[in-house]
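Please read the structure below before turning to the comments.
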Amino acid sequence: MEFDIFSRAGIGSWFVDLLENFMGVLNLLANLPVTGNSEAFEDLINTGSVRIERIVSRGHTSPASGWYEQTGHEWVMVVAGAGRIQFETGDDVLLRAGDWLNIPAGSRHRVSWTDPDVVTVWLAVFYDDDQAG
């Protein structure tokens, strides 16, 4: 498929790659994995320069062994449920359905709480500086 209109509109090549690699309708809230003792992570799209991941939690937290610290940026949104992201700086952010935040590369963070009574579905987009803006 040809998506020159996106290039002319200034939309990054990562988006064009995404469209060229997949054109179909799926539902982010369908076929949710059963969560056991840990969160479920599923790559939805991975172009090499951009990775979009669905995370399913229910009362889960990050492993006690440490913090997440990515070399790229992470944009994360809670689609359903609720969760808290704690930063090494001491900041603690509660996210409910529809809330999102951008976590800069190198920011040490962890999931400190997810709702134990309902499934929490996260959508995370991992990208590098050359994909920003």
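Taken together, Ile11, Ile45 contain a single residue that is outside any loop (DSSP other than H, G, I, E, B) and at pLDDT below 95, which is Ile45.
Applying a threshold of 8 Å to beta carbon distances and a minimum spacing of six or more residues, or different chains, the list of pairs starting in the stretch 20-38 at a residue that is within 12 Å of Ile55 (Cα to Cα) and surrounded by 10 or more Cβ atoms within 10 Å (Cβ to Cβ) and ending at one that is among the basic types (Lys, Arg) and modelled with pLDDT of 75 or more reads Leu28/Arg54; Thr35/Arg58. Of all the listed residues (Arg110, Arg54), the sole one being more than 20 Å from Leu28 (Cβ to Cβ) and not small (Gly, Ala, Ser) is Arg110. Scanning the stretch 60-97 for residues that are part of a strand (DSSP E or B), within 19 Å of Ser38 (Cα to Cα) and of a type in the set (Val, Ile, Thr) returns Val76, Val78, Val79, Ile85.
The values are calculated or read from the model by the stated rules, or taken from the named source; none is laboratory data. Everything quoted here is computed from the prediction, not taken from an experiment. Don't worry about glycine lacking a Cβ; one is built from the backbone with ideal geometry, like all the others, and counts go over all protein chains shown.
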